[in-house]
1. Restricting everything to alpha-carbon atoms, can you work out Rg to Rh for segment 118-162 with a Kirkwood hydrodynamic radius?
2. Starting from the alpha-carbon convex hull of segment 2-87, give the projected area averaged over all orientations, in nm².
3. Can you tell me the length gained on complete extension of the stretch Glu291 to Lys164, counting 0.36 nm per residue apart and subtracting the Cα distance?
4. At 222 nm, what value in deg cm²/dmol follows for the chain if DSSP H runs of at least 4 each add -39500 (n - 2.57) and the sum is divided by all its residues, to the nearest 500?
5. About its Cα centre, how strong a charge dipole does the chain have in debye, to the nearest 20, once Lys and Arg get +1 and Asp and Glu get -1 at the Cβ?
6. For segment 209-272, state which trypsin sites (Lys or Arg not before Pro) are in a DSSP loop and have at most 16 other beta carbons lying within 10 Å of their beta carbon.
7. What's the center-to-center distance, using Cα atoms, between segment 49-74 and segment 200-236 in Å?
8. In segment 105-348, what is the volume of the convex hull around the alpha carbon atoms, normalised per residue and reported in Å³?
Amino acid sequence: MEERIQNIKNEAMAQILGAESVAELEELRIKYLGRKGAINELVKEIPNLLPEKKGFMGRLVNEARSIIENTLSDKKVELESKKAKTTWFDPTIPGIKPPIGHLHILTQAKEEIAGIFEKIGFVRVRYPEVEWDWFAFESLNMPKQHPARDEWETFFVDSATNPKYGQMVLTPHTSSGQVREMERSKKPPIRMVNIAKCYRRQSDVSHTPMFHQFEGLVVDAGINIVNLKGTLDYFARQFFGAQRKTRLRPYHFQFTEPSFEVDISCGICNGAAHSTSSGQGCKLCKAGWLELGGAGMVHPTVLKNGGIDPKKYSGFAFGWGVERTYMMKSGLQIGDIRTLYSADLRFLKQF
Ligand code: DAH
């Protein structure tokens, strides 16, 4: 038996040292050390031996087992390190850059708009999106049940009403910041630009239930329409380009008197209303002008509601959609405005 143990050990060592893969080693491990392997077969024979031989043979078998075990594990380490060495690694290859995100197109637009107004002394503010009826309507000269309110398809918040401020709403326009700003600054001069989210019950290719507006408000002694027009022209030149002009069209808002719609000269035909080469109608605009949004001289009732004496002070205000204004700047043809708020990176990466 002693000789058989030696033979098995030698044979195992020879095979292990000649193995070429880890899988082959595993097969050899099962062959020699497995439950039905050669070593276990030897162990089974020991109880039948003469008592004085048992101890000696037992030790020999154990010795053979541990030699086989060690050879197996040494060989495994050797094979694995060889494998690692064969995959060539070039440490001078530049690393893989993780993709870097960027600001959303509308965040960029808001920053740009704010920057233009900050240059001429406007202060950027933000007021609550969940707002009282008072600031969104009543203080802006739109009493309860007034038909002018229909223009704003408002979301009402199901909450207790306040005796002074009325019901809670999701603010449908940034004009709700006008009286708040008058209360905050207490005394003119006021020069605010309020850029914030607004909400209306609307959803189609050109409307989203949540959108952004920027609202300008200037209140001081002797403010008049010339100041309004000058500010709008300044913005148009800065934001759209040096050639662009604005025009005021009479309109009606409850919170301004007089009120206007502001148009900007079309960037394609430059106000000519026809394409210069062919003499045909301009593709982008209808009559040489594009509509931007509302503006006007602050109504005396609104000043009073903000604690400002309309006999001493006057002001102008304007409020436009950020999405709309930005799309007019870049001539972006966005088929469905709702894609701005989708998570589609193929779309968003373009800006
Ligand atoms: N708040 C108006 C709207 O959402 C826009 C507007 C019109 C704002 C005239 C003004 C303004 O400040 O003077 O349609």
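A short reminder: the numbers here are calculations on the coordinates, not readings from a lab. Bear in mind the structure is a predicted one, so any value in this text is a computation, not a measurement. Virtual Cβ from ideal backbone geometry, glycine too; neighbours counted across all protein chains shown.
1. Computed over Cα atoms, the ratio is 1.09.
2. Taking a quarter of the hull surface, the average projection is 5.5 nm².
3. 42.1 nm
4. -12000 deg cm²/dmol
5. That gives a dipole near 780 debye.
6. Those that pass, being in a loop and sparsely packed, are Lys245.
7. Going from one Cα centre to the other spans 93 Å.
8. Output value, Cα hull per residue: 135 Å³.
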